[in-house]
1. Have a look at the DSSP beta bridges in chain B and tell me what percent are antiparallel, nearest 5.
2. Distances in nm, one decimal, shortest first, from residue A:135 to the same residue in every other copy, taking the label point 7 angstrom along Cα→Cβ.
3. Which of A:91, A:117, A:158 ends up with the largest GNM mean-square fluctuation for chain A, with Cα atoms connected below 10 Å?
4. Tell me, what HN-Hα J-couplings in whole Hz come from the Karplus equation 6.51 cos²θ - 1.76 cosθ + 1.60 at θ = phi - 60° for each residue of segment A:7-24, using x for Gly and Pro?
5. At a threshold of 8 angstrom on Cα-Cα distance, excluding pairs fewer than six apart, so keeping six or more, what relative contact order does segment A:108-198 reach in percent?
6. Distances in nm, one decimal, shortest first, from residue B:38 to the same residue in every other copy, taking the label point 7 angstrom along Cα→Cβ.
7. From the phi of every residue in segment A:33-42, what ³J(HN,Hα) in whole Hz does the Karplus formula 6.51 cos²θ - 1.76 cosθ + 1.60 yield, where θ is phi - 60° and glycine or proline is x?
8. Give me the mean projected area, in nm² to one decimal, of the convex hull enclosing the Cα positions of segment A:3-57.
Protein chains: 2
Amino acid sequence: MRVAIPVFPRFTSLDIIGPYQVLVNLPDVEVVLVAESTGIVTDDRGLIKLSVDATFDDVDHADVLVVPGGPGSRVHGDMPEMLAWIQHIHASTTWTTSVCTGSLLLGAAGLLDGLTATTHFSAVRELQAWGATYVPDRVVTQGKIITAAGVSSGIDMALTLAALLTDQVTAEAIQLLIEYDPQPPFAGGSVASASEGALAKVRARLGSGWEPYGVT
Amino acid sequence: MRVAIPVFPRFTSLDIIGPYQVLVNLPDVEVVLVAESTGIVTDDRGLIKLSVDATFDDVDHADVLVVPGGPGSRVHGDMPEMLAWIQHIHASTTWTTSVCTGSLLLGAAGLLDGLTATTHFSAVRELQAWGATYVPDRVVTQGKIITAAGVSSGIDMALTLAALLTDQVTAEAIQLLIEYDPQPPFAGGSVASASEGALAKVRARLGSGWEPYGVT
């Protein structure tokens with residue numbers, strides 16, 4: 001089974017490594033990072049530099065596609081080769097998935113029109129612009145497309161996917177191997193549950209115009 | 001504020017990227033990956049290849065040290081330079097931390113003797129061999145040393161640390177930015193809560209000799 005993960009400049013690191021750390025523990029799996037050209041691709045902070053060995057031309061099918069997000073995913077117009085590759089690979093997948101704003105790349109590739117999907121809470125309008133109906137869930141499955149909410153949600157998505165690809169006990173064993181027994185120190189990891197103080201800081205960080213979905 | 005993360009062959013990717021994705025969102029932070037030499041360092045599956053720009057000689061102090069784990073952390077005898085660097089950096093830190101079997105590197109550096117600590121559930125005896133008292137908690141703080149349990153626990157540890165370094169609202173805002181509102185699809189992410197089926201698979205994977213801590 002091959003899992004392919006496209007990598008592009010200004011990806012968000014955990015969007016890739018969360019699902020990777022789950023899926024790489026599947027039996028008989030090959031995980032491949034793929035980019036426009038081989039060499040170093042740098043994350044959204046300029047600090048994590050992934051060396052990628054395969055190009056879009058090298059990988060012409062995958063059983064599972066995991067599309068990460070990050071600021072780079074919002075400039076899809078600059079990456080026509082990747083969008084064409086996503087469309088092509090999607091035709092061969094059993095599951096096509098995204099994490100965070102990776103859903104915007106699925107949208108830009110025309111894969112979400114008329115479907116329900118989720119994304120990072122800051123990208124709801126952009127997602128809707130591709131014809132998707134936003135659902136504020138952590139993991140949304142419609143047909144063979146699974147979209148996950150922001151950044152860390154890729155771990156939950158990948159465990160769900162692991163069970164679909166194998167069986168529940170195998171997915172549980174992976175969850176145990178990575179000791180995924182989360183104990184966040186605070187409440188408020190979602191917009192719906194966040195404190196006013198945290199929302200104010202995030203609003204300042206994301207800049208003018210962003211309001212939590214559902215707030216008018 | 002400088003956060004330093006040593007990287008060594010056969011690290012576990014999420015041990016690094018989990019805490020990284022939290023701590024890089026702190027205000028005025030510099031996160032630096034450090035290795036014995038510059039260039040590519042490859043993870044425990046041979047798939048994630050990090051390009052590292054700084055050597056142990058280049059980094060002589062840090063406010064926060066995050067030591068990741070992975071199979072490579074169990075061959076500490078092969079990495080005397082890194083152990084010496086950990087000892088040296090620890091002298092200047094406000095917080096010295098580990099994820100997963102990174103605790104074995106803290107132990108090998110002589111930093112855990114007589115302290116309580118945690119680690120990946122498969123490494124309890126190795127941790128105890130360094131004079132530490134194992135506590136089966138997800139995050140254990142004693143003095144300025146914070147150890148975390150396996151792999152994914154580094155996210156919880158880093159959020160706790162983020163609050164210690166700033167304030168709770170700032171940590172909550174980071175938790176919201178990465179949408180850390182975990183919803184594992186299954187129970188059983190810890191040895192204490194795992195199903196018999198998952199434990200059997202993990203036991204087979206880890207090989208003879210491993211039994212869950214507390215089981216005789």
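The numbers here are math on the coordinates, done by the rules we state, and not lab data. Everything quoted here is computed from the prediction, not taken from an experiment. Quick reminder, even Gly has a Cβ in these numbers, built from the backbone with ideal geometry, and neighbours come from all protein chains shown.
1. Working: 8 of 27 bridges.
Bridges in chain B are about 30 percent antiparallel.
2. Copy-to-copy label distances for residue A:135: 4.1 nm.
3. Result for chain A, Cα springs under 10 Å: A:91 fluctuates most.
4. Going residue by residue, I get 10, 9, x, 6, 6, 9, 4, 5, 4, 8, 6, x, x, 3, 5, 7, 6, 5 Hz, with x marking Gly and Pro.
5. Values: 96 pairs, mean separation 17.0, N = 91.
Contact order relative to length: 19 percent.
6. 2.2
7. Those phi angles translate into 8, 9, 9, 4, 9, 6, x, 7, 10, 10 Hz.
8. Answer in nm², one decimal: 3.6.
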